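The structure appears right after this line, and notes come after that.
The values are calculated or read from the model by the stated rules, or taken from the named source; none is laboratory data. Predicted model, so just to flag it, every value in this text is computed and none were measured. Note that we place each Cβ from the backbone using ideal geometry, even for glycine, and neighbour counts take in every protein chain shown. The accessibility values were calculated without ligands, DNA or RNA, using every heavy atom of the protein model including side chains. Shrake-Rupley method; radii C 1.70, N 1.55, O 1.52, S 1.80 Å.
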Amino acid sequence: PVLQAAGLRGIRLVPFGILGLRFFSFANNVPEGDYYLAALAVDDTSRGQGVASMLLDDTEQRAVAAGCTRLVLDVETANHQAQHVYQHRGMTIDSESPAIAFMPNKRVYRMVKTL
């Protein structure tokens, strides 16, 4: 399986309308100097083998090389397994996104790690 980590510095998202405006305002708020990890996924068959740690190691190296001072990512509040991995790697929950209208259970935590 192909495993990828996508890191973008200061990613910007385009709001898709009034329903998601508050959420995208949250997601779009990445301070200068932060390295935003847009996506990290590990195939189910490869979980528990250290793949996420290898991807996070690489991401942290890229962030430092880019002159960033923090690694930042968003993780669904219901994704406890991923939160545990990130916390084990020294990340902490910084904030929680506002709810999207008609989708109150779809929220994310903003997690950060000082590099």
### Query
Would you call S25 polar (S, T, N, Q) and modelled with pLDDT under 90?
yes
### Verdict on A82 being open to solvent by less than 40 Å² (accessible area, probe 1.4 Å) and modelled with pLDDT of 90 or more
yes
#### Entry: Close pairs (7 angstrom Cβ cut-off, 6 or more residues apart or separate chains): under 23 Å from V42 (Cα atoms) in region 55-68, open to solvent by less than 10 Å² (accessible area, probe 1.4 Å) anywhere
T59/L37; T59/L71; E60/L71; A63/L71
### Message
Here's a check for you: in region 32-53, which residue that is out of contact with any helix residue (DSSP H, G or I) (no Cβ under 9 Å at 6 or more places or on another chain) and more than 17 Å from H84 (Cβ to Cβ) is surrounded by the most Cβ atoms within 10 Å (Cβ to Cβ)?
### Response
Y36
